[in-house]
Amino acid sequence: GAVVSQHPSWVICKSGTSVKIECRSLDFQATTMFWYRQFPKQSLMLMATSNEGSKATYEQGVEKDKFLINHASLTLSTLTVTSAHPEDSSFYICSARQGVNTNTEAFFGQGTRLTVV
Amino acid sequence: AQKITQTQPGMFVQEKEAVTLDCTYDTSDPSYGLFWYKQPSSGEMIFLIYQGSYDQQNATEGRYSLNFQKARKSANLVISASQLGDSAMYFCAMREATSGTYKYIFGTGTRLKVLA
């Protein structure tokens with residue numbers, strides 16, 4: 001299957017700082033990328049969907065000013081957690097899909113564990 | 001209303017035996033896909049098996065098979081000959097074609113523990 005690389009794998013940051021997480025599709029062009037959040041022992045909750053070159057579509061209850069998503073190229077999407085607080089500590093995972101109107105598979109990155117202290 | 005339901009928070013199975021993980025779903029979209037993912041403690045999501053709503057036969061991938069009962073809206077995962085390395089969290093997911101984004105909706109997961 002296709003490879004999606006997420007970086008960093010884990011990060012610890014101080015409260016009030018911003019953290020950027022990168023999601024790259026290594027061997028295909030990802031027209032759509034999805035960002036998920038997963039709390040311990042819980043399921044993946046979709047945060048937003050981003051299409052290359054356009055604004056991300058956020059799920060209800062997700063603060064778009066808090067979680068900035070940029071999908072500037074067909075191989076890279078970034079999630080920036082702004083002014084992070086301890087409650088933002090979580091596991092963040094991205095997935096990427098090739099194609100726009102085709103029913104193609106999405107592949108997942110390895111996830112980023114964020115700890116805000 | 002919950003769209004993907006996994007009613008088993010945890011399951012135990014003896015090594016080399018088969019185990020069935022339950023998943024039911026709800027959708028009005030005639031075109032959808034059902035997936036099973038394995039998430040070990042390291043966190044990555046490992047794709048296991050896929051079943052399309054129009055597929056006539058149940059999907060199989062090695063030791064994994066999907067018992068697809070469309071009328072009952074269930075898509076149970078069967079793992080045969082369980083191995084110790086199968087111990088992980090297992091998620092059932094559905095992908096709907098609505099709005100063209102094909103986003104995934106995940107169930108709450110089942111934690112499987114394989115006993116030696």
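Coordinate-derived values only; no laboratory data. Treat the numbers as computed from the prediction; the structure is a model and nothing was measured. In this analysis, Cβ positions are derived from the backbone assuming ideal geometry, glycine residues included, and neighbour counts consider all displayed protein chains.
Counting Lys and Arg as +1 and Asp and Glu as -1, what is the net charge of the other residues whose Cβ lies under 11 Å from the Cβ of A:THR115?
With Lys, Arg at +1 and Asp, Glu at -1, the net is +1.
Would you mind telling me which residue in B:LEU84, B:LEU34, B:LEU48 has the biggest mean-square fluctuation in a Gaussian network model of chain B, where springs connect alpha carbons within a distance under 10 angstrom?
B:LEU84
How about chain A: what cysteines have no other cysteine beta carbon under 4.7 Å from their own?
A:CYS13
Exposed loop trypsin sites (Lys or Arg not before Pro) only (DSSP loop, at most 10 other Cβ atoms within 10 Å): please give the longest stretch of chain A free of them, not including the sites.
Longest stretch, sites excluded: A:42-117.
Longest exposed-loop-site-free stretch of chain B, with trypsin sites (Lys or Arg not before Pro), DSSP loop and at most 16 other Cβ within 10 Å?
Here the longest run is B:17-62.
In a Gaussian network model over chain B where Cα atoms closer than 10 Å are linked, find which of B:SER74, B:SER87, B:SER53 has the largest mean-square fluctuation.
Comparing B:SER74, B:SER87, B:SER53 in the GNM, the peak value goes to B:SER53.
In chain B, what is the count of Lys pairs whose alpha carbons are under 13 Å apart, counting only pairs at least 8 residues apart or on separate chains?
4
Putting +1 on Lys and Arg Cβ atoms and -1 on Asp and Glu Cβ atoms, find which of B:MET45, B:PRO30, B:TYR64 reaches farthest to the positive end of the dipole of the stretch B:1-95.
It is B:PRO30.
Give me the distance in nm between label points sitting 7 Å out from Cα along the Cα-to-Cβ direction at A:ILE12 and B:LYS113, one decimal.
2.9
Distance between Cα centroids, the stretch A:35-61 to the stretch B:3-17: provide it in whole Å.
The two parts, judged by their Cα centres, are 26 Å apart.
So, counting K/R as plus one and D/E as minus one, what does the shell of residues with Cβ under 14 Å around B:ASP29 add up to?
Charge balance near B:ASP29 sits at +3.
Using alpha-carbon pairs under 8 Å, 6+ residues apart, how would you state the relative contact order of chain B in percent?
Reported as a whole number, the value is 37 percent.
Could you work out the relative contact order of chain A? I mean the mean sequence separation of Cα pairs under 8 Å and 6+ apart, divided by the number of residues, in percent.
Once divided by the residue count of chain A, the mean separation gives 38 percent.
Starting with the fewest neighbours, write out A:THR31, A:THR115 ranked by other beta-carbon atoms found within 10 Å of each beta-carbon.
Taking fewest neighbouring Cβ atoms as first place, the list is A:THR115, A:THR31.
Give me the dipole magnitude in Debye, nearest 20, for the protein assembly as shown about the Cα centre, with unit charges on the beta carbon: positive for Lys and Arg, negative for Asp and Glu.
For the protein assembly as shown, the charge dipole is close to 240 debye.
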